[in-house]
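Here is the structure we will look at, set down as structure tokens.
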Amino acid sequence: MHPAWEEVVTAHPEARVDRVVNGGAERFHSVREGMAALPEGTGWVGIHDAVRPFAEVDTIRRCYEAAEKSGAAIPVVPVKDTIRHVGEQGSAPLNRAALRAVQTPQVFSLPRLRVAYEVGYQPHFTDDASVWEFGGSDVTLVDGDLHNIKITTPEDLLSAEAFLSLRDAPNQA
């Protein structure tokens, strides 16, 4: 378990790892299987992508604290690239100032998330917040961390290795 999660588990004894469950064909199915393995009465659940190994304790804490007030919280970071909407009639730039990249962990009231996941899978469910919002609930956005990258390509792996080598290098004063 990542040290950041260990700190959360230590601070919140009710947040423990009882077992590991097999995933499904899509993230939606994996999360549903994970929730089914949790006992009734569990209050909060944090869902985290294993491909984001650099989640910081402060990010996890911000998510839990915000979710405890609103029911759901996700970390986000500003989008740095110009993003274009592409359609049959061409493309158009989107207002970058109004866009955020979503990260994990995503934290929810488990009883309410279980209700949201009673719907059938839909391809536009790309994360747990999209399922939550489809069910009519709002999600609180908290500051994420630019180092909390998603490692899914060989280029991402190179970036992660570079980050680790810089982070772990002794100070060179």
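Quick check for me: using +1 on Lys/Arg Cβ and -1 on Asp/Glu Cβ, what's the dipole size of the chain about its Cα centre, in debye to the nearest 20?
240
Helices of the chain meeting both criteria, an alpha-carbon length of 15 angstrom or more along the long axis and an average Kyte-Doolittle score not below -1.0, with helices taken as full DSSP H segments, are 57-70, 154-168.
Rounded, prolate or oblate, given the Cα gyration tensor of the chain, with a/c below 1.5 counting as rounded? The shape class here is oblate.
Among Pro39, Trp132, Pro53, which residue has its Cα furthest toward the positive end of the charge dipole of the chain, with +1 on Lys/Arg Cβ and -1 on Asp/Glu Cβ? The residue sitting most towards the positive pole is Trp132. Look at the dipole of the chain built from charges on Cβ: of Ala98, Asn148, Pro170, the Cα furthest out on the positive end belongs to Ala98.
When the helix-only estimate is applied to the chain (DSSP H runs of n ≥ 4, each -39,500 (n - 2.57), divided by the residue count), what is the mean residue ellipticity at 222 nm, nearest 500 deg cm²/dmol?
-10500 deg cm²/dmol
If I stretch the segment between Asn171 and Asp58 completely, what's the gain in nm (0.36 nm per residue apart, minus their alpha carbon distance), one decimal? Don't skip to the end; give the middle numbers.
Details: separation 113, 0.36 × 113 = 40.68 nm, distance 2.32 nm.
Contour length minus Cα-Cα distance gives 38.4 nm.
Put a dot 7 Å past the Cα of His85, heading toward its Cβ, do the same for Glu155, and the two dots end up 2.5 nm apart. Of all the options Ser159, Ser91, Ser70, the one that moves most in a Gaussian network model of the chain with Cα springs shorter than 10 angstrom is Ser91.
Laboratory data are not the source of any read-out in this text; all were calculated from the coordinates shown. Just so it is clear, the structure is predicted and the values come from calculations on it, not from any experiment. Heads up, the Cβs are rebuilt from the backbone with ideal geometry, glycines too, and the neighbour counts pull from every protein chain shown.
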